[in-house]
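Enquirer: Below: one structure in structure tokens.
The values are calculated or read from the model by the stated rules, or taken from the named source; none is laboratory data. Since we're looking at a predicted model, the values are computed, not measured. Glycine also receives a Cβ, built like all others from the backbone with ideal geometry; neighbour counts cover every protein chain displayed. Side chains are part of the model used for accessible areas, which takes the heavy atoms of the whole protein and leaves out ligands, DNA and RNA. Shrake-Rupley method; radii C 1.70, N 1.55, O 1.52, S 1.80 Å.
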Amino acid sequence: MKGKVIKSTGSWYQVLEMETGKIFEARIRGKFKLIKTRLTNPLAVGDFVEFQLEQDDIAWITKIEPRRNYLIRKSVNLSKEAHIIASNIDLACFIFTLKHPETSLGFLDRFLACCEAYNITPLILFNKIDVLNEEEIEIVKDIEFLYNEIGYDSLEISSYSKLNLDQLQEILKDRTSVFFGHSGCGKSTLVNALQPGLNLKTSEISDTHLKGKHTTTFAQMHFWDFGGNVIDTPGVREFAMIDIEKEEVQHYFPEIFKKREECKYHNCLHVNEPKCAVLNALETGEIQHSRYSTYLKLMEEAEEASLK
């Protein structure tokens with residue numbers, strides 16, 4: 001039987017049987033846990049699997065289909081390990097809040113780099129616009145302009161005033177999406193606003209995450225009445241890229257990758273090389289310092305990982 005993982009609690013999973021639409025409680029055979037990998041979880045919400053039914057309609061997952069893509073986060077207590085948040089994603093929505101809580105540009109840049117690395121279409125959602133004053137709205141518009149110039153799509157939204165939610169529904173329709181952001185950024189509230197009647201507890205996921213182990217995810221897939229589905233995730237502290245060489249990092253920053261052709265040296269890393277077009281663009285403001293800072297940080301992490 002073939003199915004899709006729609007919920008993960010660490011040891012138990014829910015699998016949606018593709019033909020009948022029936023949902024089964026499922027576990028994995030021990031052998032999957034023995035696969036040598038730098039990932040802490042063998043299965044993630046969004047995975048396509050094969051499974052067998054045994055007594056009491058318990059499903060045993062016997063095979064994991066190859067993933068089209070995935071996003072991962074760092075495992076807090078295991079620096080060499082990473083944890084898959086979701087897989088087989090059509091659209092990754094990053095929920096940015098200027099306040100309540102404040103979202104850093106570095107966190108956004110890391111998310112976008114991960115999307116570039118794993119071939120996932122991103123969308124930046126500037127949430128909670130209704131709680132901002134005029135000056136703060138201008139700050140959001142400035143940030144939005146910067147990322148639009150790089151080539152990223154964005155949308156200003158509010159779950160309470162319903163700002164642009166109709167437009168967002170059209171974007172999400174018939175796609176597998178995932179919502180990311182800090183705990184408290186409004187992920188569950190947004191899901192409730194887009195799907196009235198679902199009634200997700202807006203504090204449930206954050207509370208569960210705080211009480212659970214850092215290596216456990218409580219992601220769950222919900223289905224839209226208007227078509228498609230969303231993977232609702234716990235608050236993510238930091239995204240990660242694994243098995244990436246430091247020379248590759250520039251590929252995941254479009255404005256840096258574009259400028260590389262103007263550098264004097266073809267293997268320029270844009271750190272302190274002479275006649276570097278990226279460093280020149282940084283001085284002129286064509287490339288943002290916040291973006292470049294994240295670029296350097298990811299290169300540093302890639303180099304550290306290669307030495308372990």
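Enquirer: Quick one: which residue in Ser203, Ser188 is open to solvent by 60 Å² or more (accessible area, probe 1.4 Å) and either at pLDDT below 95 or basic (Lys, Arg) (or both)? Talk me through it step by step, then tell me what you get.
Expert: Numbers: Ser188 fails: open to solvent by 60 Å² or more (accessible area, probe 1.4 Å).
Sole residue among the options that is open to solvent by 60 Å² or more (accessible area, probe 1.4 Å) and either at pLDDT below 95 or basic (Lys, Arg) (or both): Ser203.
Enquirer: Which pairs turn up if I take residues in segment 97-119 that are on the phi > 0 side of the Ramachandran plot and look for partners that are assigned to a helix (DSSP H, G or I) with beta carbon separation below 7 Å, at least 6 apart in sequence or on another chain?
Expert: His100/Val131
Enquirer: Shifting gears a bit: Write out, first by first residue and then by second, each pair whose Cβ atoms fall under 6 Å of each other, whose residues are 6+ apart or on separate chains, and whose first residue, in segment 245-261, is in the same structural domain as Leu282 (by the TED database) and without any contact (Cβ under 8 Å) to a residue 12 or more places away in the chain while the second is among the β-branched types (Val, Ile, Thr) and open to solvent by 40 Å² or more (accessible area, probe 1.4 Å).
Expert: That search, which allows pairs on different chains as well, returns nothing.
Enquirer: Oh, and also: Quick one: Asp130 ticks every box in (1) under 29 Å from Gly227 (Cα atoms); (2) not assigned by the TED database to the domain that holds Leu190 except a single one, so which number is it?
Expert: (2)
Enquirer: For segment 78-88, check the following and say yes or no: at least one residue is open to solvent by less than 30 Å² (accessible area, probe 1.4 Å) and among the basic types (Lys, Arg). Even if it seems obvious, please write down each step before you answer.
Expert: Looking only at segment 78-88, we keep the residues that are open to solvent by less than 30 Å² (accessible area, probe 1.4 Å), and these are 82-88.
Right, trim to among the basic types (Lys, Arg) and you get none.
No, segment 78-88 contains no residue that is open to solvent by less than 30 Å² (accessible area, probe 1.4 Å) and among the basic types (Lys, Arg).
Enquirer: Would you check which residues across segment 143-193 are closer than 21 Å to Ile6 by Cα and among the aromatic types (Phe, Trp, Tyr) and list them?
Expert: Passing the criteria: Phe179, Phe180.
Enquirer: Can you confirm whether segment 6-25 contains a residue that is within 29 Å of Cys114 (Cβ to Cβ), at pLDDT 95 or above, open to solvent by less than 10 Å² (accessible area, probe 1.4 Å) and assigned to a loop (DSSP other than H, G, I, E, B)?
Expert: Taking every residue of segment 6-25 in turn, none turns out to be within 29 Å of Cys114 (Cβ to Cβ), at pLDDT 95 or above, open to solvent by less than 10 Å² (accessible area, probe 1.4 Å) and assigned to a loop (DSSP other than H, G, I, E, B).
Enquirer: Answer with yes or no whether Gly151 is touching a Pro at 6+ places or on another chain (Cβ under 6 Å), open to solvent by 10 Å² or more (accessible area, probe 1.4 Å) and either among the acidic types (Asp, Glu) or more than 29 Å from Ala302 (Cβ to Cβ) (or both). Walk me through how you get there before you give the answer.
Expert: On the way: touching a Pro at 6+ places or on another chain (Cβ under 6 Å): yes; open to solvent by 10 Å² or more (accessible area, probe 1.4 Å): yes; either among the acidic types (Asp, Glu) or more than 29 Å from Ala302 (Cβ to Cβ) (or both): no.
Answer is no for this residue.
Enquirer: Which strands (runs of 3 or more DSSP E) sit wholly inside segment 31-122 and have at least 3 residues that are at pLDDT below 95, closer than 24 Å to Met299 by Cα and in contact with a strand residue (DSSP E or B) (Cβ under 8 Å, 6 or more places away or on another chain)?
Expert: Working: elements: 48-53, 59-64, 70-75, 78-87, 91-96.
The qualifying strands (runs of 3 or more DSSP E) are 70-75, 78-87.
Yes/no per residue for (1) surrounded by fewer than 19 Cβ atoms within 10 Å (Cβ to Cβ); (2) among the β-branched types (Val, Ile, Thr):
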site	(1), (2)
Ile231	no, yes
Met241	no, no
Gln250	no, no
His266	yes, no
Val271	yes, yes
Pro274	yes, no
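Enquirer: Of everything in segment 51-75 that's surrounded by fewer than 14 Cβ atoms within 10 Å (Cβ to Cβ) and under 19 Å from Asn88 (Cα atoms), which residue is nearest to the chain's Cα centre (by Cα)?
Expert: Residue satisfying both the conditions and the ranking: Pro66.
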